[in-house]
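To start, the structure under review is shown below, and the notes come after it.
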Amino acid sequence: MDLDSSPPVAQDKALTVLGLESSCDETAAAIVRLDADGRVEVLAEKVRGQNDAHAPYGGVVPEIAARAHAEVMDGLVEQVLADAGLSLDALDGIAATSGPGLIGGVMAALMTAKGLALGAGKPLIAVNHLEGHALSPRLSEPLDFPYLLLLVSGGHTQLLIAEGFGRYHRLGSTLDDAAGEAFDKTAKVMGLGFPGGPALEKMARSGNPDRFELPAPLANRPGYDFSFAGLKTAARQIWDGISSPTPTDKVDLAAGMQRQIARSLAQRSSNAMKYFMETYADIDDLAFVVAGGVAANQTIRQALQDAADSQGFRLIAPPMKWCTDNAAMIALAGAERLRRGETDDLSAPARARWPLDAASAKLDPAIGSGRKGPKA
Ligand code: KG4
Ligand code: ZN
């Protein structure tokens, strides 16, 4: 059935939108109000993780993730409606991540949203998860376009310029593994548990990052792409070469790995900041946003802060709950699209791959589809 047969109609009233997210291993629902003047208020939100379910396998298992999403999604929707004191009737639209991500997982949010949209007679908005991340800083503070964004998670590592709503220019992305994937896989090899990123950061605290010689991916090369597979393999080879690793070996390798990832992210981001300044020479407020779970890492934050300081950029990191996967960013992206009259019909597909920037995907298929990591 087509809920959206009329042409797009922009709306200038306050919009209240329910957002649903289930593209990886977080199930989430949120209700966001977007005022006519662009102010954003998160009225209610819930996130349910699945770490315990995946921990025995050392990574996200798609079938387990899909089932877990389906089991809890309806309950989360009821909870956020109750927390916000709203009925479905009070909503202006229903948004769901429809990709990119694990297809079985994406279906949970998208199918729920379709059912609710059909039942309540509300518009459906199929949201690109990456657009959610790109707009996430606007959940906590007003931020004018354009700004530079580093999205660094378990599934993605990319630098893009948010030029305006629906207009994103990808400068570069990882040629192989995502940064979070490099953390997770190295942590797994070292037996640090799942999720690996936080565990490896903890280990690294007392380590000597200079002890082991690790490659510096794409160092001193121009451009905005990333590569972490070689670094990950080098760390594994070092680990395999130690017959009975001591606690010192463990912390030193963790520290070296973390430092190399931090340096690479900072160096490629510096290149992107220079490009941004050349492109937008007349902008006073130079903003560099970092989003994604890896942004929780303090060494990485510091490296990005130093890079931003030396280029004259303001580093903006959304609060952690909006940095990692959440539904508030999906509700916000949905509300912005609804404001512009861009809604979807019930045939909107779930997509495993969905580049945010179709133009660069066509030019360079290697970076086109946003490579997925173990979390995806
Ligand atoms: O954004 P996110 O919650 O989910 C997606 O990948 O979409 O990011 C999770 C990733 C995992 O790879 C996790 O190991 C990594 O972020 N991560 C960290 C830290 N906290 C989470 N990596 C390094 N240091 C951390 N403190
Ligand atoms: Zn994400």
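The values are calculated or read from the model by the stated rules, or taken from the named source; none is laboratory data. Worth saying up front: this structure is predicted, and the values here are computed from it rather than measured. Here the Cβ positions follow ideal geometry from the backbone for every residue, glycine too, while neighbour counts run over all protein chains shown.
Consider region 269-284 and keep the residues that are of a type outside the set (A, V, I, L, M, F, W, C) and touching a residue at least 60 places away in the same chain (Cβ under 8 Å). The one that is nearest to Arg314 (Cα to Cα) is Ser269.
Among the residues of region 292-324, write down those that are modelled with pLDDT of 95 or more and near ligand 1 (Cβ under 9 Å from one of its atoms). Residues satisfying the conditions are Val294, Asn297, Gln298, Thr299, Ile300. For region 82-99, a residue qualifies if it is under 23 Å from Leu135 (Cβ atoms) and either without any contact (Cβ under 8 Å) to a residue 40 or more places away in the chain or of a type in the set (Ser, Thr, Tyr) (or both), and the qualifying residues are Thr97, Ser98.
The rows are residues; the columns are (1) more than 22 Å from the chain's Cα centre (by Cα); (2) in a helix (DSSP H, G or I).
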position: Ser243; (1), (2): yes, no
position: Asp249; (1), (2): yes, yes
position: Leu253; (1), (2): yes, yes
position: Gln260; (1), (2): no, yes
position: Ala266; (1), (2): no, yes
position: Ser270; (1), (2): no, yes
position: Ala281; (1), (2): yes, no
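None of Leu139, Leu130 is in contact (Cβ under 8 Å) with a residue 40 or more places away in the chain, under 29 Å from Asp184 (Cβ atoms) and either within 11 Å of ligand 2 (Cβ to nearest atom) or small (Gly, Ala, Ser) (or both) except Leu130. I'd like to know if region 199-209 contains one or more residues that are without any contact (Cβ under 8 Å) to a residue 40 or more places away in the chain, of a type in the set (Gly, Ala, Ser) and surrounded by 16 or more Cβ atoms within 10 Å (Cβ to Cβ). Looking through region 199-209, at least one residue is without any contact (Cβ under 8 Å) to a residue 40 or more places away in the chain, of a type in the set (Gly, Ala, Ser) and surrounded by 16 or more Cβ atoms within 10 Å (Cβ to Cβ). Being touching a helix residue (DSSP H, G or I) at 6+ places or on another chain (Cβ under 8 Å), within 16 Å of ligand 2 (Cβ to nearest atom) and under 20 Å from Ala350 (Cβ atoms) is the requirement here; does Glu63 meet it? In short, no.
Looking across region 301-343, the residues that are in a helix (DSSP H, G or I), charged (D, E, K, R) and without any contact (Cβ under 8 Å) to a residue 40 or more places away in the chain come down to Arg301, Asp309.
Selection of region 143-182 for residues being crowded, with 21+ Cβ neighbours inside 10 Å, among the hydrophobic types (A, V, I, L, M, F, W, C) and either over 22 Å from Leu218 (Cβ atoms) or away from ligand 2 (no atom under 15 Å from the Cβ) (or both) yields Leu148, Leu159, Ile161, Ala162, Leu171, Ala182. The set of residues from region 50-86 being among the β-branched types (Val, Ile, Thr) and assigned to a helix (DSSP H, G or I) comprises Ile64, Val72, Val77, Val80.
As a summary of the residue check, Val72 satisfies the conditions (1) touching a His at 6+ places or on another chain (Cβ under 8 Å); (2) of a type outside the set (Asp, Glu); (3) buried (at least 18 other Cβ atoms within 10 Å of the Cβ) except for the one numbered (1).
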